[in-house]
Amino acid sequence: MSEPILQVRDLRVTFATPSGDVPAVRGIDLDVHPGDSVAIVGESGSGKSVTMLAILGLTHGATVTGSARYRGTELVGLEQGALRRIRGSKVSMIFQDPMTSLNPVLTIERQLSLVIRAHQPSMTRKASAARAVELLDQVAISQPAQRCKAYPHELSGGMRQRVMIAMAIANNPEVLIADEPTTALDVTVQAQIMELLDDLRREHHLALVLITHDLGVVAGATDRVAVMYAGRVVENGAVGPLFADPGHPYTRGLLECLPRLDARHEIQAAIPGVPATPQSLPPGCPFSPRCALVQPSCSDAEPVLAPHGETMAACSVLTRTGVR
Ligand SMILES: Nc1ncnc2c1ncn2[C@@H]1O[C@H](COP(=O)(O)OP(=O)(O)OP(=O)(O)O)[C@@H](O)[C@H]1O
Ligand SMILES: [Mg+2]
């Protein structure tokens, strides 16, 4: 197998707040290979965004430990100048909220030009304007030359999301991180955006890291999944085996929450209880207070990832393995 472009090992992120330390990410491992498509799935607050922001050096004020290597270069602790050269060009991110990530007082062309020229300062204004039109065309915005002259408020939500994608691919990245790229959009537009990301991945040989809280989005969109709970990966594996035979009760719960055509009139299952908060984790397995399979031993120690069929899962009941 090829060398990973992005290799993350035991990444930990802690925010110091007036009410105490918030261990938002508690030891993540992740490998992203060229052309890969990986989804990071989990409930709100599980640490999905913070993980990716920390890799890009964007968790200001937080303590970040562990390792995140881009083609062998350590990103954790890298000085900002070197980080900026990688961020937005080699590894780029579509941020979670397109409405606030676009500047309302600049035209689309100007915003795209700023992104292009930040990494290619020798490019003329004329050339970057032409590249902006080309990028809008690549993300399937019709009449791209006209749209380039528009301000963000003149575009629909779906179009604004396409502009965000255009910005993220402007400097031909090798890794594209898409943080909830479809959450604010209606279902048909969601499908179009997912299709666009997949087309771009194939055409530009990108590796795609898709962050989502919706396991339903993952099925046709990525090859691998990492399920996060309370700042850690509790299961990972290829999409097929993970959907067919999940090895963690939390993954099972997420799958049971998915709407099914054959159960149209039934109320969907929900995972009971509330997500664990990083400030007040229970002893042992953080999912145990909500888990249908809980055993007294679950509060002894936090389980580590171990093989379950074709996936790796951190559950001492289903995988019958050691704990940390
Ligand atoms: N700047 C910060 N200071 C303190 N705590 C923070 C900060 N940023 C994030 N957190 C906490 O870190 C945890 C993980 O947040 P994160 O944004 O990664 O969640 P997420 O999985 O992306 O959720 P969502 O699906 O809602 O986007 C949360 O408990 C959040 O409150
Ligand atoms: Mg998030």
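Annotations for the structure displayed:
- Start at zero, step by 10 Å, and the Cα-Cα distances of the chain spread as 6, 25, 32, 24, 10, 3, 0 percent across the bins.
- Relative compactness, the stretch 187-291, computed as alpha-carbon Rg over 2.2 N^0.38 Å: 1.22
- R0 of 35 Å, Cβ-Cβ distance residue 186-residue 33: FRET efficiency to nearest 0.05: 0.60
- Largest mean-square fluctuation among 204, 33, 213, in a Gaussian network model of the chain whose springs join Cα atoms under 10 Å apart, belongs to 204.
- Rg ratio (alpha-carbon, reference 2.2 N^0.38 Å) - the stretch 154-245: 1.13
- Straight-distance candidates among the lysines for linking to residue 149, with alpha-carbon spacing under 21 Å and chain neighbours fewer than 8 residues away dropped: 126.
- Estimated purely from DSSP H runs of n ≥ 4, each contributing -39500 (n - 2.57), the mean residue ellipticity at 222 nm for the chain is -8500 deg cm²/dmol once divided by its residues.
- Interatomic Cα distance distribution for the stretch 88-236, bins of 5 angstrom, percent: 2, 10, 19, 22, 21, 13, 7, 4, 2, 0
- Proportion of all alpha-carbon pairs of the stretch 81-139 beyond 16 Å (%): 52
- Unit Cα scatterers, Debye sum, the stretch 197-239: log10 I(q)/I(0) for q = 0.22, 0.24, 0.32 Å⁻¹: -0.79, -0.90, -1.22
- Stretched out straight at 0.36 nm per residue, the stretch from residue 101 to residue 277 would grow longer than its current Cα-Cα span by 60.7 nm.
- Cα centroid of the stretch 178-250 to Cα centroid of the stretch 77-114, whole Å: 22
- Dipole magnitude of the stretch 1-123, debye to nearest 20 (Cβ charges: Lys/Arg +1, Asp/Glu -1, about Cα centre): 360
- Comparing mean-square fluctuations of 177, 165, 271 from a GNM of the chain with C-alpha springs under 10 Å, the top value falls on 271.
No value in this document is a laboratory result; all are computed from the given coordinates. The structure presented is a predicted model; accordingly, all values stated were derived computationally and were not measured. Using ideal geometry, Cβ is built from the backbone for each residue, glycine included, and neighbour counts are taken over all protein chains shown.
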